Structure formats: structure tokens, C-alpha cells
Amino acid sequence: MNISEVATKFEMTPATIRYYEKQGLIPPITRNASGVRDFQEEDLNWVEFIKCMRDSGLSIDSLARYSELYQQGTATLMERKAILLEEYQKLLETQQLINQTVARLETKLDNYDQMIEECEQQLVSGANKTAAEKV
């Protein structure tokens with residue numbers, strides 16, 4: 001699969017994929033005899049993983065370190081797990097903040113619904129008074 005096909009598959013740009021490879025987030029991609037990137041299944045797994053992690057806010061530095069350690073083999077399992085655990089904890093904190101913000105917005109929206117309903121009732125009752133005065 002070439003880079004354009006991969007970009008389309010994962011809704012990314014080819015430039016982003018090249019950048020991720022250059023920054024070390026994705027291990028070097030297999031190349032064909034002409035030197036063109038030829039994405040294999042493992043490469044696609046890396047692209048999908050990195051896209052997921054970046055979409056969730058994980059840093060380039062953290063992911064580059066993880067990728068570097070991965071390429072060194074099983075001797076780095078504990079360090080890789082530590083990186084993922086640290087990022088997991090950050091995501092949980094972010095999720096908590098987002099949940100608090102969502103709750104606050106829900107309250108705010110409920111308040112607006114009440115105010116709009118009160119204004120509509122005042123308009124209706126005001127229109128009824130005006131109609132009654134004309135009679």
C-alpha cells in the first residue's frame with residue numbers, strides 16, 4: 001500500500017505520515033525497489049496506533065520514545081509500559097476535566113432553556129393582555 005492509500009485509509013495527509021516517520025513515531029517504513037514507501041501490515045498497525053494516540057493528545061516526544069524502545073525489543077518492556085501508564089494517567093485527568101466541563105455546560109444549557117421558556121411565556125401573556133385591551 002502506498003502512502004496516499006494509507007493517508008486516505010486513516011484520514012491523514014501523506015505529509016503527516018512522513019512527519020511521524022521522520023520524528024520516529026513510526027518505525028522506518030518498508031520501501032520497494034524504487035525507494036517508494038510500501039506499507040506492510042505492521043506499518044499500518046503503527047500508523048493506526050500513532051494516529052489514535054495523537055488524536056487523544058499524547059505528545060510526539062513520548063510516542064517517539066515509545067517507538068524507539070519498541071524497536072529495541074523485549075528488554076524495554078517495563079520502560080514502555082511506564083510511558084503508556086503515564087500517558088494513561090494524563091488522559092484520565094483530562095477526561096475528568098472534560099466531564100466536569102460537560103456537566104457545567106449541561107447546567108448552563110438547562111438554565112438557558114428555563115430563561116427562554118420564561119421569556120416565551122411573558123410574550124404570550126403580554127400578547128393576551130394586548131388583545132384583551134383591544135376588545
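The values are calculated or read from the model by the stated rules, or taken from the named source; none is laboratory data. Bear in mind that the values here come from a model prediction, so they are computed numbers and not experimental data. So basically every Cβ, Gly included, is an ideal-geometry build from the backbone, and we count neighbours across all protein chains shown. Just the protein is used for accessible areas: all its heavy atoms, side chains included, with ligands, DNA and RNA removed. Shrake-Rupley method; radii C 1.70, N 1.55, O 1.52, S 1.80 Å.
General remarks:
- Looking across region 20-45, just one residue is open to solvent by 60 Å² or more (accessible area, probe 1.4 Å), touching a residue at least 12 places away in the same chain (Cβ under 8 Å) and in contact with a strand residue (DSSP E or B) (Cβ under 8 Å, 6 or more places away or on another chain), and that is T30.
- Set side by side, the residues E11, E48 differ, and just one is exposed (fewer than 15 other Cβ atoms within 10 Å of the Cβ) and over 20 Å from I83 (Cβ atoms), which is E11.
- Test set (1) in contact (Cβ under 8 Å) with a residue 40 or more places away in the chain; (2) over 21 Å from L91 (Cβ atoms) - T8 fails condition number: (1)
- Residues (touching a Pro at 6+ places or on another chain (Cβ under 8 Å) and more than 22 Å from Q72 (Cα to Cα)) located in region 7-58: A7
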